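> Input: one structure, supplied below.
The values are calculated or read from the model by the stated rules, or taken from the named source; none is laboratory data. Owing to the predicted nature of the structure, the values given are computational and were not obtained by experimental measurement. Cβ: placed from backbone, ideal geometry, glycine included. Neighbour counts: every protein chain shown. For the accessible areas, the whole protein counts, side chains as well, though only heavy atoms, and no ligand, DNA or RNA atoms are used. Shrake-Rupley method; radii C 1.70, N 1.55, O 1.52, S 1.80 Å.
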Amino acid sequence: MNPVPLIRAARIRGRVRQLGRELAGAFAGNPGRVPAIVALLDGSFCFVADLVRAIPVPDLRLHFARAASYHGGTVSSGSVTIDALPSCVGADVLVVDDILDTGRTLAAVVAALHAGGAARVRTCVLLDKPARRVPVDGVRLRADFVGFTIPDRFVVGYGLDHDGRYRHLPDVCVLDGVAIA
Ligand code: XMP
């Protein structure tokens, strides 16, 4: 399988800088409340590392949680497991993920944060694949902040993997030969 660049590192850098400014503006609407970012591992590790350093605010909390709906393959399993979700009672939360695909993962995390008492939950994804969205409880999830909208292809790089491989690539790449269902 041959990863073919779809979004080059320089474009990612530029968009992440813009997102950082947009997020600072969004957090400014809640003065006095320290925003809490919940980044979903493993796929968001590159994105969130760059993103938090591009948000020009004096203070924020950064937590990591793990959510999985893919289990080593390329097809969403439909069931979402969430580990290590922090307590965010009363917090203004931003969930950061690598890619919004069917929407099941983000919907499950957002619901869990609301159930845990978060005051506000917004979402930020590097990549959005709207073609594959499914309704969850009758709602097709939309992220509040999106880096890039991409076509219905399996992508790797900049943190995204195929069975643990390719996360280190600086570009987001299409993985030739991988069928998605
Ligand atoms: P859902 O379907 O719940 O999936 O929105 C979100 C999670 O699925 C993984 N995912 C991908 N991972 N290349 C990847 O490396 C892809 O094209 C892809 N599409 C979905 C990812 O972990 C994401 O958090």
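> As an exercise: evaluate ARG122 against (1) within 15 Å of the ligand (Cβ to nearest atom); (2) within 12 Å of the chain's Cα centre (by Cα); (3) surrounded by fewer than 20 Cβ atoms within 10 Å (Cβ to Cβ); (4) not aliphatic (A, V, I, L, M) and give the number of the one condition it does not meet.
Status for ARG122: all satisfied but (1).
> Of all residues in the stretch 116-134, which are touching a residue at least 24 places away in the same chain (Cβ under 8 Å) and farther than 21 Å from ARG8 by Cα?
Residues satisfying the conditions are GLY116, GLY117, ALA118, ALA119, ARG120, VAL121, ARG122, THR123, ARG132, ARG133, VAL134.
For (1) in contact with a Pro (Cβ under 7 Å, 6 or more places away or on another chain); (2) surrounded by fewer than 19 Cβ atoms within 10 Å (Cβ to Cβ); (3) modelled with pLDDT of 95 or more, each residue gets a yes or a no:
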residue	(1), (2), (3)
LEU40	no, no, yes
SER44	no, no, yes
LEU60	yes, yes, yes
ALA67	no, no, no
GLY90	no, yes, no
ILE99	no, no, yes
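> If you don't mind, there's one more thing I want to ask. Out of VAL80, VAL75, I need the residue that is modelled with pLDDT under 95 and over 17 Å from the mean Cα position of the chain (by Cα). Which one?
Of the residues listed, the single one that is modelled with pLDDT under 95 and over 17 Å from the mean Cα position of the chain (by Cα) is VAL75.
> Looking at VAL174, is it open to solvent by less than 40 Å² (accessible area, probe 1.4 Å) and either in contact with a helix residue (DSSP H, G or I) (Cβ under 6 Å, 6 or more places away or on another chain) or assigned to a loop (DSSP other than H, G, I, E, B) (or both)?
So VAL174 fails the test.
> On to the next question. Take the residues in the stretch 90-112 that are near the ligand (Cβ under 6 Å from one of its atoms) and part of a loop (DSSP other than H, G, I, E, B); name whichever of them is farthest from ARG132 (Cα to Cα).
Among those residues, the one meeting the criterion is GLY103.
> Looking at the structure I just gave you, is ALA36 more than 11 Å from the ligand (Cβ to nearest atom), touching a His at 6+ places or on another chain (Cβ under 7 Å) and touching a residue at least 24 places away in the same chain (Cβ under 8 Å)?
yes
> Considering only residues that are in contact with a helix residue (DSSP H, G or I) (Cβ under 6 Å, 6 or more places away or on another chain) and either acidic (Asp, Glu) or within 15 Å of LEU62 (Cα to Cα) (or both), which ones fall in the stretch 99-126?
ASP101, VAL121, THR123
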